[in-house]
1. Given the condition more than 16 Å from the ligand (Cβ to nearest atom), under 16 Å from S198 (Cα atoms) and under 27 Å from the mean Cα position of the chain (by Cα), answer yes or no: does some residue in region 127-146 qualify?
2. From (1) in contact with a Ser or Thr (Cβ under 6 Å, 6 or more places away or on another chain); (2) open to solvent by less than 60 Å² (accessible area, probe 1.4 Å); (3) more than 19 Å from C137 (Cβ to Cβ), pick out the condition that doesn't hold for K222.
3. List the residue pairs whose Cβ atoms are under 7 Å apart, where the first residue sits in region 119-144 and is farther than 16 Å from S268 by Cβ, the second is modelled with pLDDT of 95 or more and assigned to a helix (DSSP H, G or I), and the two are 6 or more positions apart or on different chains.
4. Of all helices (runs of 4 or more DSSP H) completely enclosed by region 199-304, which ones contain at least 2 residues that are more than 26 Å from V78 (Cβ to Cβ)?
5. Of all the residues that make up region 161-202, how many are under 19 Å from K236 (Cα atoms), away from the ligand (no atom under 16 Å from the Cβ) and of a type outside the set (D, E, K, R)?
6. Go through region 190-219 and give me each residue that's crowded, with 16+ Cβ neighbours inside 10 Å, over 20 Å from P106 (Cβ atoms) and among the polar types (S, T, N, Q).
Amino acid sequence: MTFIEDRRKIRTLALLFCVVTFTTFLFSYTFRDPSLYFFKYAFRLSDNLFSKGPCACRRCVAEAEDDPWFAERFNQSVHPLMTRENSVLSDETFKWWQWLQSERQPANFTEVVEELFRVIPDEVLYMDAGPKRCRTCAVVGNSGNLKGARYGGLIDSCDVIIRMNQAPTTGFEEDVGARTTHHVMYPESAMDLDNTTSLVLIPFKTLDLQWIISALTTGTIKHTYTPVMSRIKANKDKVLIYNPTFFKYTYESWLEGHGRYPSTGFLSLMLAVHICDEVTVFGFGADQNGNWHHYWEDNSLAGAFRHTGVHDGDREYNVTLQLADKHKIQMFRGR
Ligand code: C5P
């Protein structure tokens, strides 16, 4: 009698255990509860062990053949980050790049690049895609749709977290997360960073390359077309430069020449699409009421991003949506 009762108890307990495990799994997977990432890592481990695809994630961005629209645009041979070797620009690229901000008397580009790579490392990074790699990335734009979205845990669980321009995190951790591995900026939007974050400079002119050299060393450049930070706190060994050739490729292949040039957000997204295996996107687009403010601002500042005049915000957003539709990226649209 007691033996039968014991067996019944064990069976009930086992059943209860299965139900709790399954419900927890469903809950964490559906709601992406940051406290339950155990499953994500278990999946990742099994993916790593058994993967035969182009990467070890569930889906790999670089799987270009599965979609003709994507395959037509995606070119993995253009490196997103500058090295001494790939810094030689074609005449056409150089002209286009110089035209972006019409620099009057640019310094000698080759000499500036030479000096640049005496200050920052000259390394080929992140081009290690393969069946054993699963690099998950979060691209965090500055949209007001992040306010109250509570994506912090989800964002912070990614390997790479890319933010741009002002992007404050202090006081907004619950919605936008606390970690930043890469901070994309240009001289006029520069910010001090902590020692662990990579500064990714988008240069729009030769002076921008001179600025980063100066900001990390002598502090002599204080003005571009507007006053800029003369010195910046950032880890010199982690500074990266967005490649002008990749900049032009993004504009032509992905935006088909719409707008004057791509926004920092779109350039950051393309960086992620080319160096990551799984890309999740946050803080892009208007909020649910159609406001285009930043998450740290009042929504009466609607239009802060959309109407800059140089970017085609609608086109960029449509391409981003298409990437999401085709499961190349996953978009979290906030509130
Ligand atoms: O305004 P800022 O350029 O700092 O924003 C960074 C990026 O965030 C933009 O380039 C854009 O891609 C995205 N953004 C957005 N909607 C907003 C604000 C920013 O999509 N309301």
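1. Looking for residues that are more than 16 Å from the ligand (Cβ to nearest atom), under 16 Å from S198 (Cα atoms) and under 27 Å from the mean Cα position of the chain (by Cα), one finds none in region 127-146, hence no.
2. Among (1) in contact with a Ser or Thr (Cβ under 6 Å, 6 or more places away or on another chain); (2) open to solvent by less than 60 Å² (accessible area, probe 1.4 Å); (3) more than 19 Å from C137 (Cβ to Cβ), K222 violates only (2).
3. V119/I213; V119/L216; V119/K236; I120/K236; P121/D237
4. Helices (runs of 4 or more DSSP H) meeting the threshold: 206-216.
5. Residues that pass the stated criteria total 5.
6. Those that are crowded, with 16+ Cβ neighbours inside 10 Å, over 20 Å from P106 (Cβ atoms) and among the polar types (S, T, N, Q): T197, S198.
Every residue, every condition in (1) surrounded by fewer than 23 Cβ atoms within 10 Å (Cβ to Cβ); (2) within 16 Å of the ligand (Cβ to nearest atom), yes or no:
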{"site": "P227", "(1), (2)": "yes, no"}
{"site": "N235", "(1), (2)": "yes, no"}
{"site": "L240", "(1), (2)": "yes, no"}
{"site": "Y251", "(1), (2)": "yes, yes"}
{"site": "P262", "(1), (2)": "no, yes"}
{"site": "D277", "(1), (2)": "no, no"}
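The values are calculated or read from the model by the stated rules, or taken from the named source; none is laboratory data. Note that this is a predicted model, so its numbers are computed, not measured. Every residue, glycine as well, gets a Cβ built from its backbone with ideal geometry; the counts of neighbours run over all protein chains shown. Note: areas computed on protein heavy atoms with side chains; ligands, DNA, RNA excluded. Shrake-Rupley method; radii C 1.70, N 1.55, O 1.52, S 1.80 Å.
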